[in-house]
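The values are calculated or read from the model by the stated rules, or taken from the named source; none is laboratory data. Being a predicted model, the structure only gives us computed values, none of them experimental. Accessible surface is based on the protein model in full, side chains and every heavy atom, while ligands, DNA and RNA are left aside. Shrake-Rupley method; radii C 1.70, N 1.55, O 1.52, S 1.80 Å.
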Amino acid sequence: KELEVKEIPEILEADKESYLSRAIDSSHLSHPELTQKGQDKDVFFYLFENVFRGEQKDIKERQRYYLKYVLEVAKNTQGEIFLDAGCGRGEFLELLQENNIPYLGIEINEFETNFLKQKGLNVKNSDILEYLSNTNKNLMGISCFQVIEHLDITYLKKFIELAYKRIAEHGIIILESVNPHCPFALSRFYVDLTHIRPYPPETIKFLLEWYGFREVKIIFSAPVAENIRSRELCMNYQDYAVIGKKI
């Protein structure tokens, strides 16, 4: 009896485009500058963000939603400045500056810090815990976009504890991260090798409440394409933010 010959399934060919070339094209860097900097880890992450974080104008537009919370806080708190912790490419800093809100960005990446300073933004090259441990400023609030997934639980707890101490009465905290309830978002989580773990929004809400924040709420954002949506609404959004008040 002749063996049945089965067709070999078609092979899907991956994207041929050079990710590095795309990153360089979307940055202010030239090839000679990159050559001089060699294998600088800070430059690596800056270029990596330019490919996998998304277009800066799109990220800025998404973050615009949170401005209403900051503007409300600016009227009701005695805080001196609003802190954006792990400010990255500075999208939220630009929004704060455009809306005349006193602010400071904290960024551990020295290359990105210098880049933001060249753009005229107020930013300090520092570790978040180091800054919060040593500052005497009362803060209107703290935002932290797509950072907590880079932190282990010990660091995260200390960050939230210090944030509560430094934020003035009626101030807020905004923590945005990857939504692990969303299969699409979770499938791409470890594209970034500096990600440590995804934190469910419910866990972050509990932690904020534990350290003293009140009226804590979860907001989902960045919906997936309609053809892959689920009946479970929380599975249809790639990101979430947890917002808490110091009352």
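Rg over Rh for region 64-171 works out to 0.94, using Cα positions for both radii and the Kirkwood form for Rh.
Remind me, relative contact order of region 90-199 in percent, using alpha carbon pairs under 8 angstrom and six or more residues apart?
That works out to 23 percent.
Note: relative contact order over region 37-168, using C-alpha pairs below 8 Å and six or more positions apart, is 26 percent. Based on the convex hull around the alpha carbon atoms, region 149-236 presents an average projected area of 6.4 nm². Close amide H contacts of ASP84 (hydrogens built in the peptide plane, cut-off under 5 Å, sequence separation of 5 or more or a different chain): LEU104, GLY105, ILE106, SER143. Normalised by 2.2 N^0.38 Å, where N is the number of residues, the alpha-carbon radius of gyration of region 59-107 equals 1.06. Look at [x] 20.5, 87; [y] 16.7, 50; [z] 20.2, 64: the one that is Rg and Dmax of the Cα atoms in Å derived from this structure is [x].
Within the same chain, aspartates and glutamates fewer than 8 places from LYS205 are excluded, and of the rest, those with a Cα less than 13 Å from its Cα are GLU176, GLU215.
Helical runs assigned H by DSSP (4 residues or longer) give the chain a calculated mean residue ellipticity at 222 nm of -11000 deg cm²/dmol, each run adding -39500 (n - 2.57) before division by the residue total.
Which percent of the accessible heavy-atom area of region 124-222 goes to carbon and sulfur, probe 1.4 angstrom? Summing carbon and sulfur atoms, their accessible area is 53 percent of the total for region 124-222.
Greater than 22 Å separation of Cα atoms is the criterion. Which listed pairs, LYS124/LYS158; LYS60/LYS157; LYS16/LYS60; LYS75/LYS245; LYS75/LYS124, meet it? Provide the component values of the computation, followed by the final result.
Details: LYS124/LYS158 20 Å; LYS60/LYS157 27 Å; LYS16/LYS60 28 Å; LYS75/LYS245 14 Å; LYS75/LYS124 25 Å.
Violating the 22 Å Cα-Cα cut-off are LYS60/LYS157; LYS16/LYS60; LYS75/LYS124.
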